[in-house]
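The values are calculated or read from the model by the stated rules, or taken from the named source; none is laboratory data. Please read these numbers as outputs of a predicted model, since none were measured by experiment. Ideal geometry is used to build each Cβ from the backbone, glycine not excepted, and the neighbour counts take in all protein chains shown. The protein model used for the area step is the full one, side chains on, heavy atoms only, and it has no ligands, DNA or RNA in it. Shrake-Rupley method; radii C 1.70, N 1.55, O 1.52, S 1.80 Å.
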Amino acid sequence: MPRERRRVNVAGVVQGVGFRPFVYALARQLGLSGSVCNTSAGVIAEVEGSADAVAEFCRRVRTDAPPLAVVADVRWQAVPVRGGTEFRIDASRSAGGRTLVSPDVAICADCLRELTDPADRRYRHPFITCTNCGPRFTIITGLPYDRAATTMAGFPMCRRCAREYADPADRRYHAQPIACPDCGPRLFLDDGSVGDDALAGARSLLAAGAVVAVKGLGGYHLACDAGNESAVATLRKRKDRGNKPFALMVPELATARDLVRVEGAEALLTGIRRPIVLLERLAGAPIADAVAPGNPDLGVMLAYTPLHVLLFGLPGDAPGPRALVMTSGNVAGEPIVTDDSEARIRLAGLADAFLGHDRPIHVPCDDSVIRVVDGLELPVRRSRGYAPFPVALPVPVTPALAAGGDEKNTFCLGEDRYAWLSGHVGDMDDLATLRAFDAARTHLAALTGVEARTVVADRHPGYRSASWVARSGPVVRVQHHHAHIAAVMGEHGVTGPVIGFAFDGTGYGDDGAVWGGEVLLGGYEAVERVAHLAYVPLPGGDAGVRNPCRMALAHLHAAGLPWDADLPSVAACTERERSILAAALRRNLGCVPTSSMGRLFDAVASLAGVCQRIGYEAQAAIELEGLARKAIGRCGPGYAFGVGESEFDPAPVLAAVVADIRAGTEKAVIAARFHLAVVELIAALADRARARTGLSTVALSGGVFLNTVVTSGTTRRLTERGFTVLRHEKVPPSDAGLALGQLLVAAAVNQGR
Ligand code: ZN
Ligand code: ZN
Ligand code: FE
């Protein structure tokens, strides 16, 4: 058989994931000679041998790739035969193009076994890692991915580690962050103890009810015993966090089973990404009430680094808490703290002790938060474990930066057929977050090689995200809800026109109103606003958002319903509030018209007596959803909106809620009937749009679709009626997914020019 030689270019997530040793092993197995190396464009292999074996190699390099690898593209060209029998792994070299960096991934089963094996030389080593697991995104300072371009550069390998690193047959072959107790980073507690003693000290502090700042993968957490009511209350007070739920960390799935209903989420909880998963709290779960007051769910994640595993303790250790509150180490609204000396200052009033280490974190990365709806992921926050994994685009885009929104900011870089979303940046209302935005942007640009020529932002004239990116040049502005619809189209690879439902709390409308209950027909280039929730006055802007009882009064006013004293919303407002509100509404002073669906959820939550003032974003809607879940199967038919030509009117819904309150109807039933009303509204509007246009694909986006009752119910109802439903699975439906849509709209608009 004739010999053949090919140069094979593999693009995708192929660095830092054990790809070269895999290529090496595959080539040896097929009897091929040649070489493989990393470049900044991916991995290049030259393979030589029988024509069959070479062809087989090109096939299996894709199909048999290692677990963390994602092969996006394999291209090859024939090159002259050179002979030889050796297969070499060459040093990295730079080349044009780009490669994809792996996200940070949870400790693998092999490393976990070694960590807990007294005979292993990495027994109890808090920084154990291998080619299949460990930090990536947060320690990489540049490309190509080599130890020198990570924050492990300052830790020279010992002889034994160097031997493993250089051995293609070893699981740690070219695993850049590898280390061992002899050469790796050190743990320390601020009482001066180090290593195992520091861990034992932290564990006993936690057991005694202290708040401990723990340096993790993407930043500091504040940890405390989740079963200790006073410890959790102390942390809540220090963080000044209102009633916003805290996330929990548990050592293993079995512990999670004691706290929440894990069915359907096992793979997500134990997988390589290990996000916080929001799951229904079990009655009697041994968790302090202060962890998530008034919330039917708990956010649970499994220990994802060796340090976390050790913090919970191995067999034989003095026992500590089995569930820890693990909340981002930051002052409310500020970015998560990554730097050790900064942690001492910024977290000084928050933590009783610091468990730190000397491996630097190059960029912050918060924990991801995911809901599970009908077996599919519904991202709430896409960060650790996901970033910087790209979203494949249905259409190529020229290099661009999309700034995202002002709340829960996440930006995105795009080029060709990829969009790289940043991790969670935060709320763009303070300088620290704006600086974090710049740092994350520089880092992501370095990892992706995208040199943005177009900059995109929201049309809101007051958005800090927009003015921040406009410092350096002109910005393409994209309407908020258009971007939402484009985002969900984009993640599903859809290019054609859709019937879009963009339901959220707030977004700047083309008429200057606050939009948020929008039916939009169209695609990336343009959408037509065919219907919206009837405008009501939003009293006092932000104050109206923070006080659902005021929103309820505004809705009653707009619906022509009296403010009777027996209604919970009316009772909740002070007399002074009512008179100011009445005057403002009468004279239309300080009121902006809004079609916000989020505000309607607030109003109904208030009317039903569920929530009158919020301590964190969307609290009223979250509590209303929690109640609705209890009664959705037994609540009878839902309320009905008035559906007009270009508006849908909530007045009949509000009148029905008021009637139900007076009839003494259970809150949960009111909540469920309202959720059904929203589902039926969408179904009716989709039917009408299909009858008029022939379109049968429905896109659902905006923060309202974080609501599992709405998303699940709407998807089922529309699917029954023969619609194709696009709902978010890769990026959040909230403004944290906005950047992806902005990118696609701007690309389409630019192309049309
Ligand atoms: Zn591992
Ligand atoms: Zn070592
Ligand atoms: Fe929005």
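Numbers at a glance
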| quantity | calculated |
| --- | --- |
| Nearest-0.05 FRET efficiency for THR85 and LEU282, computed from C-beta distance (R0 56 Å) | 0.35 |
| Linear extension gain, ALA445 paired with ASP317, 0.36 nm per residue minus alpha-carbon span | 41.7 nm |
| Linear extension gain, ARG75 paired with TRP563, 0.36 nm per residue minus alpha-carbon span | 168.7 nm |
| Across LYS408/LYS630; LYS408/LYS730; LYS408/LYS667; LYS239/LYS667; LYS237/LYS630, pairs whose alpha-carbon gap is larger than 22 Å | LYS408/LYS630; LYS408/LYS667; LYS239/LYS667; LYS237/LYS630 |
| Residues whose placed amide H lies under 5 Å from that of THR150, excluding near-sequence neighbours | THR141 |
| Inter-centroid distance (Cα atoms) of the range 670-749 relative to the range 340-362, Å | 42 Å |
| Residue order for PHE246, PHE389 - accessible surface, 1.4 angstrom probe, largest first | PHE389, PHE246 |
| Gyration tensor over alpha-carbon atoms, the chain, equivalent ellipsoid semi-axes in Å | 47, 33, 22 |
| Inter-label distance for SER50 and GLN29, nm, one decimal - labels placed 7 Å from Cα along Cα-to-Cβ | 1.7 nm |
| Heavy-atom accessible area per residue - the range 502-543, 1.4 Å, Å² | 31 Å² |
| Added length on full extension, which subtracts the Cα-Cα distance from 0.36 nm per residue, ALA583 to SER646 | 19.8 nm |
| The range 308-327 residues near the modelled SER193 label - backbone nitrogen below 18 Å, point 7 Å along Cα→Cβ | 308-322 |
| Relative packing of 518-531, 582-595, 264-277, which averages over residues the other C-beta atoms within 10 Å, highest first | 518-531, 264-277, 582-595 |
| Simple spin-label estimate for MET1 and ARG471 in nanometres, 7 Å along Cα-Cβ | 6.0 nm |
| Counting DSSP beta bridges with both ends in the range 378-500, the antiparallel % (nearest 5) | 65 percent |
| Dipole in debye (nearest 20) - the range 205-258, about Cα centre, beta carbon charges: Lys, Arg +1; Asp, Glu -1 | 320 debye |
| The chain, accessible surface, carbon-and-sulfur percent (1.4 angstrom probe) | 52 percent |
| Rg and Dmax [Cα atoms of the range 511-655; Å; Rg one decimal, Dmax integer] | 15.5, 50 |
| Rounded FRET efficiency, nearest 0.05, which uses the C-beta distance separating ARG721 from ASN243 and R0 of 22 Å | 0.05 |
| Spin-label model distance (nm) - THR398 vs SER696, 7 Å beyond Cα toward Cβ | 3.8 nm |
| For the range 292-361: accessible area per residue (Å², 1.4 Å) | 31 Å² |
| Compactness of the range 193-313 as Cα Rg over 2.2 N^0.38 Å, two decimals | 1.03 |
| 25 °C / 0.890 mPa s Stokes-Einstein diffusion coefficient of the range 592-673, Kirkwood radius on C-alpha pairs, µm²/s | 186 µm²/s |
| List SER230, SER465, ordered by accessible area with a 1.4 Å probe, largest first | SER230, SER465 |
| Efficiency of FRET from Cβ geometry, ASP64 and GLU525, R₀ 35 Å, rounded to 0.05 | 0.25 |
| Debye-sum result for the range 612-737 in log10 I(q)/I(0), which assumes one identical scatterer on each alpha carbon, at q = 0.12, 0.15, 0.17 Å⁻¹ | -0.49, -0.77, -0.98 |
| Distance between the range 487-506 and the range 249-323 - C-alpha centres, whole angstrom | 34 Å |
| Accessible area per residue in Å² at 1.4 Å probe, computed on the range 23-168 | 42 Å² |
| 222 nm mean residue ellipticity, helices alone, for the chain (DSSP H n ≥ 4; -39,500 (n - 2.57); rounded to 500) | -10000 deg cm²/dmol |
